[in-house]
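Have a look at the structure below before the remarks.
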Amino acid sequence: MQNLKNIFVGFMVSFIGSIPLGYLNVVGFQVYERLGLSPTVLYLLGVIIIEFFVIYFTLIFANSLAANKKLTKYIEGFSIVFMLLLAYVFYSSANAKSDFSTTFNYAPFFLGIVLSSLNFIQIPFWTGWNLWLLNGNYIEISGTRKYVFVVGTILGTFCGMLTLILALHYFASNVDFLAKYLMQIIIPLVFVGFGILQGYKFWKKYF
């Protein structure tokens with residue numbers, strides 16, 4: 001029963017956490033548009049392999065990671081620059097009539113691994129969630145139960161990202177405004193917004 005609870009909690013947290021528009025979802029959308037479903041699945045498998053290790057180690061070392069304020073500060077500061085850089089990359093790629101995944105078209109699986117490895121903001125994200133779930137007794141991680149929880153989380157991430165990718169494809173295919181401006185204007189502006197919001201939170205927290 002506890003194993004089922006661990007899977008359910010992990011699945012729901014990661015499914016909902018994967019829905020907000022992030023660069024992993026956007027690149028996944030580009031892979032789907034350009035190459036189809038099977039390469040997109042390979043891309044997502046690359047993403048969740050890295051996430052498996054991130055979630056596992058943040059689960060084991062949640063308390064010590066939460067106490068390392070310097071590491072958290074560096075990660076949060078890097079995420080501001082990274083969001084603004086992504087806004088520029090997606091804007092310039094869209095206006096050059098190319099796409100961010102072109103270089104890795106031959107290997108979507110490795111593209112997923114590389115980009116997921118650069119997603120450093122998932123470290124404080126999962127550290128915070130794991131601490132909250134443990135302190136609230138929503139999960140139990142003795143023995144092999146920690147692995148059951150982590151499996152639930154990566155399943156949730158996979159399903160959440162695939163759902164969003166397919167939803168983006170549907171709306172981009174059926175809404176003329178999105179088809180014309182999604183990659184060129186809307187997504188770069190979203191990343192600029194994320195960068196500004198992260199910068200404001202960073203300033204409030206540390207200054």
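The values are calculated or read from the model by the stated rules, or taken from the named source; none is laboratory data. Quick caveat: nothing in here was measured; it's all calculated off a predicted structure. Just the protein is used for accessible areas: all its heavy atoms, side chains included, with ligands, DNA and RNA removed. Shrake-Rupley method; radii C 1.70, N 1.55, O 1.52, S 1.80 Å.
Assorted remarks:
- Spatial offset of the range 109-134 relative to the range 43-63 amounts to 6 Å, using the alpha carbon center of each.
- Average accessible surface area per residue within the chain, 1.4 Å rolling probe, Å²: 53 Å²
- Overall form of the chain: oblate. Here a/c, set by the Cα gyration tensor axes a ≥ b ≥ c, is 1.5 or more, and a/b is not larger than b/c.
- Tilt relative to the chain, helix 122-135 - C-alpha long axis, 0 to 90 degrees, to 10: 30 degrees
- Only protein atoms count toward the accessible area here, which uses a 1.4 Å probe; on the chain, the carbon and sulfur part of that area reaches 71 percent.
- Shape class for the range 125-205: oblate, because the ratio a/c of the largest to smallest gyration tensor axis (alpha-carbon atoms, square roots of eigenvalues) is 1.5 or more and b/c is at least a/b.
- Between the Cα long axis of helix 69-95 and the first principal axis of the chain there is an angle of about 20°, rounded to the nearest 10.
- The chain: angle of helix 187-206 to the longest principal axis, Cα-based, in degrees nearest 10: 40 degrees
- Gyration tensor (alpha-carbon) shape descriptor, the range 32-90, a/c threshold 1.5: oblate
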